[in-house]
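Step one of this worksheet: look at the structure below.
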Amino acid sequence: MWQPVGEQASDEIMHQDILPLCAADIQEQLKRRFAYLSGGRGQDGSPVITFPDYPAFSEIPDKEFQNVMTYLTSIPSLQDAGIGFILVIDRRQDKWTSVKASVLRIAASFPANLQLVLVLRPTGFFQRTLSDIAFKFNRDDFKMKVPVIMLSSVPELHGYIDKSQLTEDLGGTLDYCHSRWLCHRTAIEGFALMVKQTAQMLQAFGTELAETELPNDVQSTSSVLSTHTEKKHKAKDDLQLALKEGQRILESLREPLAESATHSVNQDQLDSQATVQRLLAQLDETEAAFDEFWAKHHQKLQQCLRLRHFEQGFREVKATLDAVSQKIATFTDVGNSLAHVEHLLRSLASFEEKSSVAVGRARALALEGQQLIENKHYAVDSIHPKCEELRHLCHQLATEVDRRRGLLSKSRELHSLLETSMRWCDEGIYLLASQPVDKCQSQDGAEAALQEIEKFLETGAENKIQELSDIYKEYETILNQDLLEHVQKVFQKQESMQEMFHRRQASLKKLAAKQTRPVQPVAPRPEALTKSPCPSPGSWRGSESPGSEGSALRRGPYRRAKSEMSENRQGRGSSTGDEEEGLAILRRHVMNELLDTERAYVEELLSVLEGYAAEMENPLMTHLISTGLHNKKDVLFGNMEEIYHFHNRIFLRELESCTDCPELVGRCFLERMEDFQIYEKYCQNKPRSESLWRQCSDCPFFQECQRKLDHKLSLDSYLLKPVQRITKYQLLLKEMLKYSRNCQGAEDLQEALSSILGILKAVNDSMHLIAITGYDGNLSDLGKLLMQGSFSVWTDHKKGHTKVKELARFKPMQRHLFLHEKAVLFCKKREENGEGYEKAPSYSYKQSLNMTAVGITENVKGDAKKFEIWYNAREEVYIIQAPTPEIKAAWVNEIRKVLTSQLQACREASQHRTLEQSHSLPLPAPSSTSPSRGSTRNVKKLEERKTDPLSLEGYVSSSLPKPPEKGKGWSKGSHSLEAPEDEGGWSSAEEPVNSSDAEEDGGVGPKELVPGKYTVVLDDEKRGPDTLAVRSGDVVEVVEEGAEGLWYVRDLTSNKEGWVPASSLSALLGKSSSAQCLSSSESSPGSAVLSNSSSCSEGCPAPFSDLQG
């Protein structure tokens, strides 16, 4: 520990430890000048103390006298004081009695050694004589105390002390100023005290520094270093202040000599200068010692601070590297397809890029630690192991990344080989399927086919798997159970395909060798195809893009095989086995395309979720995200994560389970139809997502993510994938259904297709529904949205003003109608400016009609695209013009379904009252809500799965007025017919509704011929030369009734005539100029109104232009 110097010097200079008196303490006593130390010396160097003539000497208190004597004797050095003091007592103007008292008092209380006492006795004759006599008699008393010499004059004094050592009042030449002497003494002693306090302060500060324990964290160490540095600066300031004071005093002591070169300096002045110089030297030594100590202490504190920074950085970096190591430990997947492996390699590269920041920081920290060691840091033993650990972690991480990259490279190599083999097998199968069998029956054709096969087999050397054992040996490190099974499946398929080729070769060789009789070459048997495995789960993950190379390779031979097989079927009557074999190949190809695109779709969703959505929460990417994107992840991506989990965990696996039986894939769709509702939520969020994308598409975050993912397209293209995918399914299902007409799962495929189309319609409708503005109620209260579309609308209100009515008849309004189960909404379509979904229209709500008070007229004079919707007994009439007759028919049929269900509910509610009033037969059971099931009992089962519009055969029997049979009609009080008053319609009194016996019994009996026009409700193919082929929706006129339920009719469109089943027709009531309408009684609450112009054909689905591609 540092110790201040000069402790002994201060003792030597001032006897502070023994006599702590200072001039400042007895300044008043010293100012009296009854004794002073002039600085003169005797011949042997004895200090001279002069007692000038002071009349009140006897009155000086003993304490003050003692203090002055003690102080004066403490000023000379110890060496001079040891010789003894010479006292000069000037009593020339005093009395002898006073002289004696003064001498005795001085001798008695003098605190130091006395060498000689010189007394200038009184100068008066009497007093001098008296002093001589008295001195002789009292000599012994004086000898006992001090040696006393009585002097009669100043010259005698000069004999003892040189004149140069005596002040002027004693006849000497010594320059002495008592006030100046007192000032100098006060300053010197003050400076000495300052030096002592400074030394003590530095010693205490040094002790504090030495005893300070080094903190264990950066903040505390910085605080200690700052505090100590501040204290050090204050101590240095105090030290500099003391040095300046000492210099000033020294200059003051040297001032007389500077003013006069001849000025003589006495010994006391020289001693004072020496004292100040020694004090200054002591301060310099103290400062140097303190600076040296501080330098060491400051260096240690700085080293401690750097160490704490290093330790803190080590903890942070180690935690990061540990997290990175744990993350890479999860990279155990080697991929289940080439695309998957490529994605894993990109993920690994992205991971390596992200972790390079942590690795770089770790290496920089290890280098910093090495520099601390080279700079001889005091904690080398702590720093060195940490540096070694950082280097080890970095090396371990790099090694693991390289190992993972090596495994994935091996996996990519293996999957590339497997996919090459799979493509080769598929091309071989396509080749076999596309060879024309009829041409192969000739020798030249057989030889050409044989050469084609042999040429293809030559390509197997570079495309097929040679030996399984070599594969097992070379790729042992990556062959898990799934991959092993996949390799075995591919090899088995390759062997099966080669076996098929060998069989075909054998057949063709026989045909080429000798043509004895027509021989039909053997095509690949279905059994062989069954044994030949299709791509296993995870085999291909090609892009959905039609322009991709893989897609072109697959679809080219596929289309060629399909067209050539079609030509073969047209050119000759091929065997049933060959046709089934070809259809099986086509079904497998459609299934492969479904699986490939599904896997690619799942991969693309995963890349978006990992490469974009997850990165929005990455702290390292926060600085790239614009403020408009903060907390907008759910808006931008919607429920994409939910869609991904459904497809990845559930739907893809179920599709893969149908690899060997593609025709059964419809069941997968039917079982998961409810799960597909998640797309409705995604599509409803799409406008918000696109709006946000347009605002932030230039954000550096998206560009950086796209660069890392190596995507050629921006994010918005991938956000559109779910919309594209849900529309893709119906196209694939149509293709699969085309090649599965006679297969076991055809009905499921048809139902799955209808369900997917229904979902597309629901999604499309919901997109329009959320665009409605201005409706005060809750749209969900209106029931399910059945249809929506744009129409021209004319209005005619009985209660309206005449001019308004006339204007309404001739000027249509453009309205967008939304048909719900409980109401129909009229809205005004407003096109929006913008791009994408912002360009989509919005709909301003105008009015709504409750379906319980709505009626329809199916045909309006002069236009096949118009129909009427009227409200409250034609109080309000709306003439609706559809864009096409097909759209009109679809809307009329759908409205009829709603009104029929309401009418049926009304009939059930009034059944008991009807029985009492009319004694009629019971109404049909609730299950007859769809009587078309009875009328189409003999139609194939596929038609039963569809929801056909309700037929009115049971309610309306003809277009001519006919009174109801007694006991079988509707009561006049409960049901009536209405027609427009200005159209000459039918009244309820003239035309009640009849129910046939067959309807009451729940079956369909033969219809009674009633002349008039009818609508065809069921397709009927031409069965003979006299029959007429009709389609649902055709209008025919009955000419003649035949036997066995056949009617002879004329098609009003083609003017062709023929026999058709009566069950296929439904009556058209009224004439083209006036369509009669059927309504339930106005007196019945909740009554419904039905058109008597109905069609039981399948409802035409609403357009899906917004979603179908």
>> Take the residues in region 741-758 that are open to solvent by 10 Å² or more (accessible area, probe 1.4 Å) and among the aliphatic types (A, V, I, L, M); name whichever of them is farthest from the chain's Cα centre (by Cα).
In response: 746
>> Scan region 457-469 and tell me whether some residue there is polar (S, T, N, Q), part of a helix (DSSP H, G or I) and at pLDDT 85 or above.
In response: yes
> Residue check, residue 236 against (1) more than 59 Å from the chain's Cα centre (by Cα); (2) in a helix (DSSP H, G or I); (3) not polar (S, T, N, Q), all met but one. Which one?
Replying inline: (1)
> Pairs under 6 Å by beta carbon, first residue over 28 Å from residue 710 (Cα atoms) in region 342-371, partner of a type outside the set (Val, Ile, Thr) and open to solvent by 20 Å² or more (accessible area, probe 1.4 Å), six or more apart or different chains?
Replying inline: 366/391
> Do we have residue 172 as buried (at least 20 other Cβ atoms within 10 Å of the Cβ) and under 18 Å from residue 230 (Cα atoms) here?
Replying inline: no
>> Out of the residues in region 861-880 meeting the condition of being buried (at least 17 other Cβ atoms within 10 Å of the Cβ) and touching a helix residue (DSSP H, G or I) at 6+ places or on another chain (Cβ under 8 Å), tell me which one is farthest from residue 770 (Cα to Cα).
In response: 874
> Here are some conditions: (1) closer than 21 Å to residue 660 by Cα; (2) within 19 Å of the chain's Cα centre (by Cα); (3) among the acidic types (Asp, Glu). Residue 735 meets all but one. Which one does it not meet?
Replying inline: (2)
> Being part of a helix (DSSP H, G or I), under 24 Å from residue 730 (Cα atoms) and not polar (S, T, N, Q), is that true of even one residue in region 623-633?
Replying inline: no
> Could you say which residue among 594, 605 is part of a helix (DSSP H, G or I) and under 17 Å from the mean Cα position of the chain (by Cα)?
Replying inline: 605
>> So if I check each of 105, 91, which one is of a type in the set (Lys, Arg) and touching a strand residue (DSSP E or B) at 6+ places or on another chain (Cβ under 9 Å)?
In response: 91
>> Looking at residue 660 and the list (1) modelled with pLDDT under 90; (2) among the acidic types (Asp, Glu); (3) under 25 Å from the mean Cα position of the chain (by Cα), which single condition is not satisfied?
In response: (3)
>> Of everything in region 857-891, what is among the β-branched types (Val, Ile, Thr) and farther than 18 Å from residue 795 by Cα? Give them in sequence order.
In response: 884, 887
> (1) open to solvent by less than 60 Å² (accessible area, probe 1.4 Å); (2) in a helix (DSSP H, G or I); (3) modelled with pLDDT under 85: which one isn't true of residue 258, the others all being true?
Replying inline: (1)
>> Just to verify a result, which residue in region 211-233, among those that are part of a helix (DSSP H, G or I) and open to solvent by 90 Å² or more (accessible area, probe 1.4 Å), is nearest to residue 378 (Cα to Cα)?
In response: 211
>> Please pick out the residue among 311, 316 that is more than 26 Å from the chain's Cα centre (by Cα), in a helix (DSSP H, G or I) and among the acidic types (Asp, Glu).
In response: 311
> Any idea how many residues of region 869-884 are within 19 Å of residue 788 (Cβ to Cβ), assigned to a loop (DSSP other than H, G, I, E, B) and either touching a residue at least 24 places away in the same chain (Cβ under 8 Å) or in contact with a Cys (Cβ under 6 Å, 6 or more places away or on another chain) (or both)?
Replying inline: 2
> Exactly one of (1) small (Gly, Ala, Ser); (2) more than 30 Å from residue 210 (Cβ to Cβ); (3) modelled with pLDDT of 90 or more is unmet by residue 313. Its number?
Replying inline: (2)
> When you look at residue 195, is it in contact (Cβ under 8 Å) with a residue 24 or more places away in the chain and open to solvent by 20 Å² or more (accessible area, probe 1.4 Å), yes or no?
Replying inline: no
>> Just checking, does region 240-251 include any residue being of a type in the set (S, T, N, Q), more than 60 Å from the chain's Cα centre (by Cα) and more than 16 Å from residue 284 (Cα to Cα)?
In response: no
>> Going residue by residue through region 420-436, is there one that turns out to be in a loop (DSSP other than H, G, I, E, B) and open to solvent by 60 Å² or more (accessible area, probe 1.4 Å)?
In response: no
> When you scan region 658-698, how many residues do you find that are under 26 Å from residue 751 (Cα atoms), open to solvent by 50 Å² or more (accessible area, probe 1.4 Å) and among the polar types (S, T, N, Q)?
Replying inline: 2
> Within region 104-118, which residues are at pLDDT below 80 and buried (at least 18 other Cβ atoms within 10 Å of the Cβ)?
Replying inline: 107
>> Which condition from (1) among the β-branched types (Val, Ile, Thr); (2) open to solvent by 30 Å² or more (accessible area, probe 1.4 Å); (3) at pLDDT 85 or above is the one that residue 73 breaks?
In response: (2)
> How many residues are farther than 25 Å from residue 858 by Cβ and part of a strand (DSSP E or B) when one looks only at region 1027-1056?
Replying inline: 5
>> With within 20 Å of the chain's Cα centre (by Cα), at pLDDT 90 or above and of a type in the set (Phe, Trp, Tyr) as the only criterion, which of 676, 702, 651 stands out?
In response: 702
> Pick from region 813-860 the residues that are open to solvent by 10 Å² or more (accessible area, probe 1.4 Å), part of a strand (DSSP E or B) and of a type in the set (A, V, I, L, M, F, W, C): which of them is modelled with the lowest pLDDT?
Replying inline: 860
> Which of the residues spanning region 161-206 are small (Gly, Ala, Ser) and under 60 Å from the mean Cα position of the chain (by Cα)?
Replying inline: 204, 206
> Just a yes or no: is a residue in region 405-413 farther than 19 Å from residue 487 by Cα, among the small types (Gly, Ala, Ser) and open to solvent by 30 Å² or more (accessible area, probe 1.4 Å)?
Replying inline: yes
> So how many residues does region 445-497 have that are touching a residue at least 24 places away in the same chain (Cβ under 8 Å), of a type in the set (Ser, Thr, Tyr) and within 19 Å of residue 411 (Cβ to Cβ)?
Replying inline: 2
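The values are calculated or read from the model by the stated rules, or taken from the named source; none is laboratory data. The model shown is predicted, which means the values in this text are computed figures rather than measured ones. Glycine also receives a Cβ, built like all others from the backbone with ideal geometry; neighbour counts cover every protein chain displayed. Side chains are part of the model used for accessible areas, which takes the heavy atoms of the whole protein and leaves out ligands, DNA and RNA. Shrake-Rupley method; radii C 1.70, N 1.55, O 1.52, S 1.80 Å.
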